[in-house]
């Protein structure tokens, strides 16, 4: 490295954002993720003993994936090469591989390749890496916010260990902020700053477990705060709110979190918890989720988990979708909330779901026979010559608009699919079936 490059690198480090400057240099400085790098944990031992195999770090933004990679770079005796999947192509990867082969062959020195946003590598790029990772030429460290089981090729995935990082806790964020405020070498320790604990508490709470958001917000608030008569910068709650603009909510509308949150929303409604349902609904709306997607899932739930226990549930869910089309957001959030609360408190039954699944199973796997002649269409000319409709009993010609008649095809005669539950309107339907079919009222639903 020449003098100019050295000076430039030194200047960039000094002027880098606070979140970059405060990256931990070793494991002792790393905050959070005790479940994977706490004392005695596998990953910590592997890093300390410099015997790390290929890993993929998977977790939300600001949880420490890149920071952990830099700790490894400071700890290992191997060559450490960092690239970003967005800007790197196959040509660059091949050059790194050739250098790694030469260094291993001539000097016995291993190479660790850190690929940020590895989920953005296409199949061809991942395939170039595969044999080198397998034969040990390259030790791979990948970092991704996306579920690697969906985004990384299975052959490459099978040669790396998945390490899941969780979002940082509020206490983790507080510790990181206090370190930044007190660090005179890399942080804000040389600044004369006054900031109340309540402000730190607030920032720790609203940063969404993202250390990068918390540090960058703090730095911006300090830079934009004016000095008082004593030359002290007073960082107020209002300045933090202004710099943050909006609470940080980790949410990827096409990724893992998208499905996790909607899953929590549906399970809260199914579990009859309107407050939890409203929380997950609010989180999705604030994160910019497509409200039509939310409506579709509520419509599905109305039939799948409520069904005929409350037939109005489907009407309410569909009405919420129509309201969204008519008025849009933000006003339609009230209709969505109304539907979510109604569905949460409605009596639950999955009888319809089980009934149609059983019917579909029989159609796919059993002899289903032909349509009985007396049930066939007799509306067209000459249908009677084929015997269509002959022997059909028209229910409205009989008392109570009902007459006992077989409607199943011959191979499936006697098959039962729908067994009403005991909740809501299904009690009425259960009584009706017992009356019509002449069944014993104690007949239970099959498990």
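The values are calculated or read from the model by the stated rules, or taken from the named source; none is laboratory data. Note that the structure is predicted; figures quoted are calculated from it, not measured. Please note: Cβ atoms are built from the backbone with ideal geometry, for glycine as well, and neighbour counts cover all protein chains shown.
The table that follows gives values for the structure above.
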item: Wholly within the range 1-58, helices (runs of 4 or more DSSP H) carrying at least 2 residues that are at pLDDT 75 or above; result: 18-21, 34-37, 42-48
item: Failed criterion for residue 62 (all others in (1) surrounded by 13 or more Cβ atoms within 10 Å (Cβ to Cβ); (2) closer than 18 Å to residue 114 by Cβ; (3) at pLDDT 90 or above hold); result: (3)
item: Residue ranges of helices (runs of 4 or more DSSP H) in the range 132-233 with at least 3 members in contact with a helix residue (DSSP H, G or I) (Cβ under 9 Å, 6 or more places away or on another chain) and over 30 Å from residue 98 (Cα atoms); result: 170-182, 197-206, 211-224
